[in-house]
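The values are calculated or read from the model by the stated rules, or taken from the named source; none is laboratory data. Predicted, not measured: the structure shown is a model, and the values here were computed from it. Glycine gets a Cβ as well: all are built from the backbone with ideal geometry, and neighbour counts include every protein chain shown. These area figures cover heavy atoms from the full protein model, side chains too; ligands, DNA and RNA do not enter into them. Shrake-Rupley method; radii C 1.70, N 1.55, O 1.52, S 1.80 Å.
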Amino acid sequence: MSSTPYPRNAWYPLGWARDIGQSLAKRRVLGEDLVVFRTSTGEVAVLDDACPHRLAPLSLGRLRGDSVECGYHGLAFDCSGHCTQAPGMQRAPANAQVRSYPTATSMGMVWVWMGNAALADATQVFHLPEYDDPAYSVIEGDALPVAANYLSLADNLCDPTHVVYVHPTTLGSTGREETRVQHQREGRKVVTWRWVIDGPLIPIFQGLKDFGGNVDRWHYYHYHAPSIAVIDFGSAATGTGAPEGARGDCIQMFACHFITPVDARSCVQHWLLLKNSPADAATDERLRAGLRVAFNEDKAVLEAIQRNEDKPRDWQRVQLGLDASAIKMRRIVQEMVEAESA
Amino acid sequence: MSSTPYPRNAWYPLGWARDIGQSLAKRRVLGEDLVVFRTSTGEVAVLDDACPHRLAPLSLGRLRGDSVECGYHGLAFDCSGHCTQAPGMQRAPANAQVRSYPTATSMGMVWVWMGNAALADATQVFHLPEYDDPAYSVIEGDALPVAANYLSLADNLCDPTHVVYVHPTTLGSTGREETRVQHQREGRKVVTWRWVIDGPLIPIFQGLKDFGGNVDRWHYYHYHAPSIAVIDFGSAATGTGAPEGARGDCIQMFACHFITPVDARSCVQHWLLLKNSPADAATDERLRAGLRVAFNEDKAVLEAIQRNEDKPRDWQRVQLGLDASAIKMRRIVQEMVEAESA
Amino acid sequence: MSSTPYPRNAWYPLGWARDIGQSLAKRRVLGEDLVVFRTSTGEVAVLDDACPHRLAPLSLGRLRGDSVECGYHGLAFDCSGHCTQAPGMQRAPANAQVRSYPTATSMGMVWVWMGNAALADATQVFHLPEYDDPAYSVIEGDALPVAANYLSLADNLCDPTHVVYVHPTTLGSTGREETRVQHQREGRKVVTWRWVIDGPLIPIFQGLKDFGGNVDRWHYYHYHAPSIAVIDFGSAATGTGAPEGARGDCIQMFACHFITPVDARSCVQHWLLLKNSPADAATDERLRAGLRVAFNEDKAVLEAIQRNEDKPRDWQRVQLGLDASAIKMRRIVQEMVEAESA
């Protein structure tokens, strides 16, 4: 599938809130370089990372109070991008202004709005209710750079069928998985799911709970266009009615993926895990390590695909049944892009 | 001389047979990435290295029996490129097919045919009779990557006159070599030769045989377009009639060069040496080491030339008498290309 | 400010004379690769670094007497670029000629003329009288590569106002410098200057002389288009009349910058320092170290600016009062380029 441009009117993940402090940092989102800092009141400021005078990156300057001062000639900009100091001038030139971007925080992630600021609504930032539910504990994940278009990672996160081939030691079963995959579009979301009935636990669930035998397990991939995936996966003792909704004594996890499109050929996969059991340092570290293995397996495949896609060659492509869900997801993204350019 | 495209209807060296086993390997020939493996019956399979579904390189997948299984979604292809497994599908889509390429083996080298498969004739693969002659022993060489167009290496292998400037410590004499170079086209081959009468042994021949004085030595460069060179070089005691054909008690060697065009700016120089004396570990290693020095000297020159040729500059070029042979060789290659596009 | 092409009819710095001996070296000036060597009579020869036969770089060949011999086929060229040897030929082909470039030496620097050789006048090479004045000692500097267009470095060397922001620990004062900057065009030179009255010594002057209190200090930036800057800076006891010309007991230094445009995105900053006090190993090394810190601070800023300028983006730029001098300097360069193309 060919790469699609990005919608701009959307909340995109900028970085983990824990990584953004009162100092200057550089980030790249939708092909734009940004300078990021936290003000004394805790707000996150995001500006274009170029002084409009000589284009020196502001991230190489200094944070003075709640303004960033350019390291070349001392022009200073507040968190809305207004020039508050222009050395040698009575007043700053009228056009001395850096573009600023709205931000919001949710689920430990700082989000940025790269589009029309008038449309940015912080109440619409993604939030999963279980994140605040005391029945669930949070395992903080990583910010994994992937040298592939973000929609190629999105394809992967709409697709339960690759698991057995790419992740046989962590998330997949050892046998073939031929049970039916279903999917459905819901507004700007696509849900893709499959049940495996009366099978063994997947590798990373082993040791977490003793079901005394086989389990019924579910995999629901919720993809919120353009760049958020929540994978709800779990297991309950087989025959106890889980597929019909009776998941009482079960393992349930949510793998949340917040994708930052960096540019047409790279993205950052921010992930965290929720699980329906208390935090436990040893267990949590084992799960984190297992997911790191799995997500690096995806990274290797997606980066190799990107290198093939970058070749100046007219590839003949085959479409399979499993692509239906990713095709719907890409269509939503395309609709968002087209709505913006209309 | 400007770089010329490649003929496709030719047997090109793919890799030493000793390096190709029952596992997946990646190669690049004429700008195409290929996955290579040996089947259980010993045949070598060569396919395009991209699954037609999502373009994942097949070389990152798994060899299952005599089929390659894609590492992303499990599509499998046999050695003719037919899809034998498409997970989740009753049958593979009709267009699920990877291009396969004919192969043949000769002189320890696996050869591949990148052009019209209907024209591939394994009986036409290059073979030097002395390779099977018990009077000659084989010194296995290397697969030397050279960051230059393959025809620039071909120029070098049609040209005895560079030896004294580029290889003074191995293949060249210490003095100037002004004896006449002759050449002749024979079909798709150009032969270029010179004799040096009553001179000293070249450095790498020293110690191999005692001629009790000076020698007459010959250098015949047989270039088979587009990418094979055999250099027949040797020495006999001076005045014993070698130039007239009486080479009885002589040193004779054949340096065979099989060039793989990787893309417009790089190639692999596969080489081996035949000599008319029995294998001897110490001698063979000394000869191998000497040739490694020499071929790396060529590599340094050719890669520097490539960097100059890549500059966006309209170079004024000078032609010398010594170029006549390389010009004929390039004309043959050009004829092959034109015949294919006609 | 967008990058401007280079005038060709100008003396450009090629390299420190101390670094150019009787051996082959490679240099790059105005986008051209050059082979450089010194002849037995001490002259510096500069030729295009490509043999006109096969384009092998001559710098990979051998110096034989006062000629460079190509390392591939032995063509030899004297320091005017004439072919003096063409192996296998009765005489060299008429077009066997490499372009040579006039050179001159001044201030320990070898200069090269890349334009119309008929206009090269060695008496016009830049020379600062104080370089030969025994009242001044010379501190040899470096050849610092900067990955930025040479005019971006030129902007920097027309601009006293960046010092306090970029060089607070070496060349700048610790406070803000709001004193007025003046400038004036004089032919192909722009002079930019400011005085700071009754202030502290700048960091690198500390310990050189005891003025018993504050000083008056001057900063005169003499920029000779297209690529030479001399910064005359110094201090005298405040109130003793320095601004009016009475600089009797003062510290005075000249920082000389000779910029080699390498190509559109890189240059080499050759610098040396003159001071009005005798050479002293410890002091000189401390000054040299301080300037290295400062010039590497400029390098970091200018290279980051270049990366922003290289982005395919239509930047909105702000102009400040401090730009007036650099704008005049760029106008002179533009006039030189236009005069050549007329």
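So that you can scan it fast, the table gives a plain yes or no per residue for (1) buried (at least 19 other Cβ atoms within 10 Å of the Cβ); (2) free of Cβ contacts under 8 Å to residues at least 60 places away in the same chain; (3) touching an Asp or Glu at 6+ places or on another chain (Cβ under 9 Å); (4) not in a strand (DSSP E or B):
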{"site": "C:R185", "(1), (2), (3), (4)": "no, no, no, no"}
{"site": "C:T192", "(1), (2), (3), (4)": "yes, no, yes, no"}
{"site": "C:I197", "(1), (2), (3), (4)": "no, yes, yes, no"}
{"site": "C:L208", "(1), (2), (3), (4)": "no, no, no, yes"}
{"site": "C:R217", "(1), (2), (3), (4)": "yes, yes, no, no"}
{"site": "C:Y221", "(1), (2), (3), (4)": "yes, no, yes, no"}
{"site": "C:A229", "(1), (2), (3), (4)": "yes, no, no, no"}
{"site": "C:G234", "(1), (2), (3), (4)": "yes, yes, no, no"}
{"site": "C:G239", "(1), (2), (3), (4)": "no, yes, yes, yes"}
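Can you tell me which of B:V112, B:V98 is within 14 Å of chain A (Cβ to nearest Cβ), surrounded by 22 or more Cβ atoms within 10 Å (Cβ to Cβ) and in contact with a Phe, Trp or Tyr (Cβ under 7 Å, 6 or more places away or on another chain)? Working first, answer last.
Details: B:V112 fails: within 14 Å of chain A (Cβ to nearest Cβ).
Selected residue: B:V98, the only one of B:V112, B:V98 that is within 14 Å of chain A (Cβ to nearest Cβ), surrounded by 22 or more Cβ atoms within 10 Å (Cβ to Cβ) and in contact with a Phe, Trp or Tyr (Cβ under 7 Å, 6 or more places away or on another chain).
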(1) in contact (Cβ under 8 Å) with a residue 60 or more places away in the chain; (2) in contact with a Gly (Cβ under 7 Å, 6 or more places away or on another chain) all hold for B:P7 apart from (2)
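In the stretch C:1-29, which residue that is within 14 Å of another protein chain (Cβ to nearest Cβ) and touching a strand residue (DSSP E or B) at 6+ places or on another chain (Cβ under 9 Å) is nearest to C:W111 (Cα to Cα)? If you could, list the steps in order and put the result at the bottom.
Filtering the stretch C:1-29 for residues within 14 Å of another protein chain (Cβ to nearest Cβ) gives C:1-3, C:24, C:26, C:28.
If we keep only those that are touching a strand residue (DSSP E or B) at 6+ places or on another chain (Cβ under 9 Å) too, we end up with C:24, C:26, C:28.
Details: C:L24: 17, C:K26: 15, C:R28: 13 Å.
Step by step, filter the stretch C:1-29, then rank; the result is C:R28.
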For the stretch A:30-62, which positions are within 14 Å of another protein chain (Cβ to nearest Cβ) and in a strand (DSSP E or B)?
A:E32, A:D33, A:L34, A:V35, A:L47, A:D48, A:R62
Which condition breaks for B:S137 when tested against (1) open to solvent by less than 20 Å² (accessible area, probe 1.4 Å); (2) in contact with a helix residue (DSSP H, G or I) (Cβ under 7 Å, 6 or more places away or on another chain); (3) of a type in the set (S, T, N, Q)?
(2)
Members of the stretch A:74-95 that are in a loop (DSSP other than H, G, I, E, B), at negative phi and surrounded by fewer than 23 Cβ atoms within 10 Å (Cβ to Cβ):
A:D78, A:C79, A:S80, A:A86, A:P87, A:M89, A:Q90, A:R91, A:A92, A:P93, A:A94, A:N95
Which members of the stretch A:308-329 meet the condition of being facing chain B (nearest Cβ under 8 Å) and among the small types (G, A, S)?
A:G321
As an exercise: evaluate B:E130 against (1) assigned to a helix (DSSP H, G or I); (2) more than 14 Å from every other protein chain (Cβ to nearest Cβ); (3) in contact with a His (Cβ under 9 Å, 6 or more places away or on another chain) and give the number of the one condition it does not meet.
(3)
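Let me confirm something: among A:I305, A:I251, A:I332, which residue is away from every other protein chain (no Cβ under 14 Å), touching a Ser or Thr at 6+ places or on another chain (Cβ under 7 Å) and surrounded by 17 or more Cβ atoms within 10 Å (Cβ to Cβ)? Break it down stepwise before answering.
Details: A:I305 fails: away from every other protein chain (no Cβ under 14 Å); A:I332 fails: touching a Ser or Thr at 6+ places or on another chain (Cβ under 7 Å).
On inspection, the qualifying residue turns out to be A:I251.
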Tell me, please, whether a residue that is among the aromatic types (F, W, Y) and assigned to a strand (DSSP E or B) can be found in the stretch B:248-257.
yes
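Looking at the stretch A:4-16, can you tell me whether even one residue there is over 21 Å from A:G115 (Cβ atoms) and not hydrophobic (A, V, I, L, M, F, W, C)? Reasoning before the result, please.
First, pick out the residues of the stretch A:4-16 that are over 21 Å from A:G115 (Cβ atoms): A:16.
Checking the rest, the ones that are also not hydrophobic (A, V, I, L, M, F, W, C) come to none.
The answer is no, given that none of the residues of the stretch A:4-16 is over 21 Å from A:G115 (Cβ atoms) and not hydrophobic (A, V, I, L, M, F, W, C).
Go through the residues of the stretch B:146-163 one by one and say whether even a single one is open to solvent by 30 Å² or more (accessible area, probe 1.4 Å) and modelled with pLDDT under 95.
From the stretch B:146-163, those open to solvent by 30 Å² or more (accessible area, probe 1.4 Å) are B:147; that's our starting set.
Next cut, modelled with pLDDT under 95 only: none.
No.
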Which of the residues belonging to the stretch C:119-164 are touching an Asp or Glu at 6+ places or on another chain (Cβ under 6 Å) and touching a residue at least 24 places away in the same chain (Cβ under 8 Å)?
C:Y136, C:I139, C:A147, C:A148, C:N156
Within the stretch C:9-17, is there a residue that is of a type in the set (S, T, N, Q) and assigned to a loop (DSSP other than H, G, I, E, B)?
yes
Exactly one of C:A300, C:A294 is in contact with a His (Cβ under 6 Å, 6 or more places away or on another chain), in a helix (DSSP H, G or I) and within 14 Å of another protein chain (Cβ to nearest Cβ), and that residue is C:A294
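Quick one: which residue in B:A289, B:A282 is assigned to a helix (DSSP H, G or I), open to solvent by 50 Å² or more (accessible area, probe 1.4 Å) and out of contact with any Leu (no Cβ under 9 Å at 6 or more places or on another chain)? Don't jump to the end; show me each part of the working.
Values: B:A289 fails: open to solvent by 50 Å² or more (accessible area, probe 1.4 Å).
When all the criteria are applied, what remains is B:A282.
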Looking at the stretch A:74-94, which of the residues that are more than 11 Å from chain C (Cβ to nearest Cβ) and of a type in the set (S, T, N, Q) is nearest to C:S152 (Cα to Cα)?
A:T84
Matching entry among C:R91, C:R28 (being at pLDDT below 95 and basic (K, R)):
C:R91
Only one of these is part of a loop (DSSP other than H, G, I, E, B) and among the small types (G, A, S): C:G141, C:G115. Name it.
C:G115
Scanning the stretch B:63-73 for residues that are surrounded by fewer than 18 Cβ atoms within 10 Å (Cβ to Cβ) and charged (D, E, K, R), which turns out nearest to the other protein chains (Cβ to nearest Cβ)?
B:R64
Condition test on A:D142, is it acidic (D, E) and either buried (at least 17 other Cβ atoms within 10 Å of the Cβ) or touching a helix residue (DSSP H, G or I) at 6+ places or on another chain (Cβ under 6 Å) (or both)?
no
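Can you find a residue in the stretch C:312-323 that is in the same structural domain as C:G234 (by TED's automatic domain parsing), under 30 Å from C:L34 (Cα atoms) and not small (G, A, S)? Give the derivation first.
Our first condition is that a residue be in the same structural domain as C:G234 (by TED's automatic domain parsing); within the stretch C:312-323, this holds for C:312-323.
Within this subset, residues satisfying the condition of being under 30 Å from C:L34 (Cα atoms) are none.
The answer is no; no qualifying residue exists.
Among the residues of the stretch B:308-318, which ones are part of a helix (DSSP H, G or I) and open to solvent by less than 50 Å² (accessible area, probe 1.4 Å)?
From the stretch B:308-318, those part of a helix (DSSP H, G or I) are B:308-309; that's our starting set.
Selection gives B:N308 alone.
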